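Working notes, beginning with the structure itself.
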Amino acid sequence: MARRRSYTEADVRVRPNRKGSRPRSKQRPDHADAVPGLVTAVDRGRYQVLTDAGVPVVAVKARELGRGAVVVGDRVDLVGDVSGAEGTLARVVRVQDRRTLLRRSADDTDPTERGIVANADQLVIVTALADPEPRPRMVDRFLVAAFDAGMDALLVLTKSDLVSEAFVADFVSRYGALDVQAVATRRDHSSSAWVDTVAEHLDGRVSVLVGHSGVGKSTLVNALVPDADRATGDVNEVTGRGRHTSSSAVALPLPAGGWIIDTPGVRSFGLAHVDPGDFVTAFEDLAQVAAQCPRGCTHTEDAPDCALDPWAESGTATDRARLDSFRRLLASRQGVEG
Ligand SMILES: Nc1nc2c(ncn2[C@@H]2O[C@H](COP(=O)(O)OP(=O)(O)OP(=O)(O)O)[C@@H](O)[C@H]2O)c(=O)[nH]1
Ligand SMILES: [Zn+2]
């Protein structure tokens, strides 16, 4: 059985990364009157924050925050002018502890990592079943990023009208042992049912959408968030520029609750920061077995005395499929970016 990974705040691994928020103990106890909010867009040192009172505010980082990064999805505390009136600026004085953090490296050889989105529940990997052809290796790499971040993954397979049902089933079977949910969609001009199928998976959650050009991501976002253009207009107020210029992620509220975070500016997804030995901790069942591995075990196929091998050999076909899938993901993090 593929086990569903469930998280509580306590067991989500968010490594205290160098550029992350400061430890609580170092935070100043002042600003008791600070206003909490959610970062919905970031562009060149300007933060679009929606306060819990529902006021969109533009903010900059307070100097006391140091060099710590503030990313879309962060829960922050604001002081200063939080009226949201045109031309006003608030200051971010605190970044709350993160539940999850989606990160990427500049490329596969440079381990310098950057946070992209904080506190998201799931990564929605949008891939077309045809036109352009699906890229399973790229999907695997997105899965690595999601699991490393402590997020669930959902596959949205677009353009199912262009392929056979057998093709869809075959494609989805690659992910069965990884506990990844998948929905196949076909844009249908006569009904919005295809959007509802996806929306069900997004209700009340914070989802990050990734996908390459041409897969139908814009079509999907526009259908899910009917006023997406107006909502992204908020970003333009901050930057004076369009959303596709330099903003790497933007959070849009879903009509039925929850957020969808589009990543129009994210072109590459380097995985150099993902440690192969650590990655197994994203799979509770495998991690338990791997606790018996020799120190420094990479858990790859050629790793000597990896405890996962005898476990799979003496286990069920499902166990073996799970190990194979895990190792396939592990392998995808190396080499040319897919
Ligand atoms: N046949 C078919 N075509 C689709 C479907 N969804 C989107 N398309 C088409 O695929 C093309 C790309 O769609 P977009 O939504 O612009 O794709 P995108 O991923 O946002 O791509 P960029 O805008 O380049 O980032 C468009 O011509 C769409 O009309 C679908 O379900 N079936
Ligand atoms: Zn091992």
When restricted to Pro310, Pro276, Pro253, the only residue within 17 Å of the chain's Cα centre (by Cα) and open to solvent by 20 Å² or more (accessible area, probe 1.4 Å) is Pro253
Would you check which residues across region 150-161 are modelled with pLDDT of 95 or more and out of contact with any helix residue (DSSP H, G or I) (no Cβ under 8 Å at 6 or more places or on another chain) and list them?
Met151
Is there a residue being in contact with an Asp or Glu (Cβ under 7 Å, 6 or more places away or on another chain), at pLDDT 90 or above and farther than 27 Å from Arg104 by Cβ anywhere in region 162-178?
yes
Pairs only if they're at least six apart or on different chains, beta carbon under 8 angstrom, first in region 153-174 and open to solvent by 60 Å² or more (accessible area, probe 1.4 Å), second hydroxyl-bearing (Ser, Thr, Tyr) and part of a helix (DSSP H, G or I); list them, first residue then second.
Arg174/Ser325
Do we find a residue being more than 16 Å from ligand 2 (Cβ to nearest atom) and more than 21 Å from Gly265 (Cβ to Cβ) anywhere in region 207-220?
no
Quick check, is Arg230 surrounded by fewer than 18 Cβ atoms within 10 Å (Cβ to Cβ) and either at pLDDT 85 or above or not in a helix (DSSP H, G or I) (or both)?
no
Identify the single condition in (1) open to solvent by 60 Å² or more (accessible area, probe 1.4 Å); (2) more than 16 Å from ligand 2 (Cβ to nearest atom); (3) of a type outside the set (A, V, I, L, M, F, W, C) that Gln288 does not satisfy, given that it satisfies every other one.
(2)
Scanning region 140-171 for residues that are touching a strand residue (DSSP E or B) at 6+ places or on another chain (Cβ under 8 Å) and within 14 Å of Val183 (Cβ to Cβ) gives Asp152, Ala153, Leu154, Leu155, Val156, Leu157, Thr158, Lys159, Ser160, Val168, Phe171
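The values are calculated or read from the model by the stated rules, or taken from the named source; none is laboratory data. The shown structure was predicted, so the numbers you read here are calculated from the model rather than taken from an experiment. Here the Cβ is made from the backbone with ideal geometry for all residues, glycine too, and neighbour counts use every protein chain on show. The protein model used for the area step is the full one, side chains on, heavy atoms only, and it has no ligands, DNA or RNA in it. Shrake-Rupley method; radii C 1.70, N 1.55, O 1.52, S 1.80 Å.
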